[in-house]
Amino acid sequence: MATSSVQPLFLRARETFNLPPAAVTRFRTDLHFEDRYQMLDGSLSGGASGGVCPQEDTLRAVRAWCREATIDLQERRGDVDAQRGAANLTVEAINERCGMLFEYTLEAVEPAPCREGSACLTRAALTLHKYRVSGFDEAGQPRFALDPGFGTNGERHFDFSITLPGTPRVSTPFGTVAAIPSAVVSAGGAAMGIARQLQEVPQLQVHAPIRTVRDGDALFCGSRREVPLDTPFFVRELRAGVVQDVGFGRARDMLDGCTLTSSLRRARAAHRTVRLGPSRAQLIIGAGDVRPGMTLWQMPSIGLDVTFGLGVVSGQLDTTHPALKDFVLPTGLVGAEYNFGRWAGVSELYAVANVGVGVNFVDGRHSMWQGNSRYADQVRTTLDGLGFAPNLRVELGILKRFYFGRSFFELEALGYYGTTLLGTQAFSDGSGGAGTIDYTVNSFGGVGALGFGWALSPRVLMRLDAGIQAGVANPGITVHYGGIDLAIALPGSAIEVGPTFRWTFSYEL
């Protein structure tokens, strides 16, 4: 339990893509290979590399990696010859360190071209082969063979697919703009799915013994090369032969390790920044029970939270008739939060997207309709005396979270767009033709909120948010006639301003 993990070597045996270039870039980014593993082109299986890198060159490069990685491992342990000042390259250490060698083949494809407006499907399949040291040749160089203890005869297969509807263009209050192609988003989803599956493989999970516990933090000798910012960890202890979870934390301040190894000396000589010292994980759950000697063990996560909750938001303020103001709009919402702190360098920084469905109490008596008297009576009629209408709301923004043990507070800034369907009227043109008119209110603006919450478990958060909303609402009609949809913005508008309140739960995937 207390043995520190080492960074694996991944050999690119073959990668196959038939995705658009932007989708390939997104796939590679969300796969997280480059920032989690050491990478080398080539293959040990003979011919799998497709001629990119001859096998002998690959074997020479792998042996060089194996030697340097074993030297670093022994230097961190202090297993160094006192007279020579060099690491002891024992057979046991070579077998241990060089057994973290994986070869992979990857295929990410669209089975059919993603046409404008059609659904976009990305399928990704990854095959891993794990190697171990099987012996040494006459020159003392290690030989490598498939590790039968990994998967089935050294092989494991992973696949994931995601389908998204085509969204080539989207209408917003600011006009019609190009949307993110769904092919790119689909590729990113498939990559995150593969990355999440890989985190379930014990050999690829990061684990490190805790050296010191102080002020709610656990210090450990993991490297920032191995542990991205905000990596979640279980705190585990072996008790009576049973592994138990006693806490939970997140990586916050990542350094380059506790020992100036040979590879770090070369990095310094190349004028790269090297920050020696223990890295820090903030203890969120079980801080009082965590002690030195326990182990930080990576919790599988892709940094994506799904959220759901209930709330109320401010409605339209009637500036002409102050008695008519609609300040209580009950809303149910679902959404997602993605932690992009590792790229921004800011811990717990999330991109947020929410979709809410609620009710709007505006009707034909509202001042925004008084300049459109032709439609005001009809709006009242189409509401059928209920006094409310369905409202759809979309929000995008950012969130910053601050933890204090299990409790936390957060700052949130969102932009929103909402539409309310007040009703539909059928009409005839007098010559046998018929159509309909939709009466709507479209609004947009921004929300600033402060939230307080509690970590119910490592994956589940509960929080209450309160804030201020400010925006503008505009009436409009859409005429559907003869296969033509004609949107008409009516004169008149209303201010949306007032408080917002939410109660939400989040689950980390």
Of all the residues that make up segment 233-260, how many are more than 16 Å from D35 (Cβ to Cβ) and buried (at least 20 other Cβ atoms within 10 Å of the Cβ)?
8
Among (1) under 28 Å from T500 (Cα atoms); (2) surrounded by 15 or more Cβ atoms within 10 Å (Cβ to Cβ), the one test that L450 misses:
(2)
Pick from A22, A93, A64, A108: which is in contact with a helix residue (DSSP H, G or I) (Cβ under 6 Å, 6 or more places away or on another chain), in a helix (DSSP H, G or I) and more than 17 Å from R132 (Cβ to Cβ)?
A22
Go through (1) under 25 Å from the mean Cα position of the chain (by Cα); (2) buried (at least 16 other Cβ atoms within 10 Å of the Cβ); (3) over 14 Å from S506 (Cα atoms) one by one and return the number of the condition G345 breaks.
(2)
Scanning segment 230-244 for residues that are touching a residue at least 60 places away in the same chain (Cβ under 8 Å) and either assigned to a strand (DSSP E or B) or closer than 14 Å to G288 by Cα (or both) gives P232, F233, F234, V235, R236, E237, L238, V243
Residues (closer than 11 Å to S262 by Cβ and either part of a helix (DSSP H, G or I) or in contact (Cβ under 8 Å) with a residue 40 or more places away in the chain (or both)) located in segment 74-86
Q74, E75, R76
Output the residue which, of all residues in segment 458-469 that are touching a residue at least 40 places away in the same chain (Cβ under 8 Å) and either in a loop (DSSP other than H, G, I, E, B) or small (G, A, S) (or both), is farthest from I495 (Cα to Cα).
P458
Residues (farther than 30 Å from G433 by Cβ, of a type in the set (G, A, S) and surrounded by fewer than 16 Cβ atoms within 10 Å (Cβ to Cβ)) located in segment 471-509
none
Using the structure shown, decide if D485 is of a type in the set (D, E), assigned by TED's automatic domain parsing to the domain that holds P390 and touching a residue at least 12 places away in the same chain (Cβ under 8 Å).
no
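How many residues are closer than 30 Å to Q378 by Cα and touching a residue at least 12 places away in the same chain (Cβ under 8 Å) when one looks only at segment 396-426?
10
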Based on this model, can you work out whether G453 counts as over 22 Å from W369 (Cα atoms), modelled with pLDDT of 85 or more and of a type outside the set (S, T, Y)?
yes
Can you tell me which residue in segment 327-377 is farthest from F33 (Cα to Cα), limited to those that are aromatic (F, W, Y) and touching a residue at least 60 places away in the same chain (Cβ under 8 Å)?
Y375
Could you please find all residues in segment 448-499 being under 21 Å from A336 (Cβ atoms) and among the small types (G, A, S)?
G448, A449, G451, G453, A455, S457, G467
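The values are calculated or read from the model by the stated rules, or taken from the named source; none is laboratory data. Since the model is a prediction, treat every value here as computed from it, not as a measurement. Every residue, glycine as well, gets a Cβ built from its backbone with ideal geometry; the counts of neighbours run over all protein chains shown.
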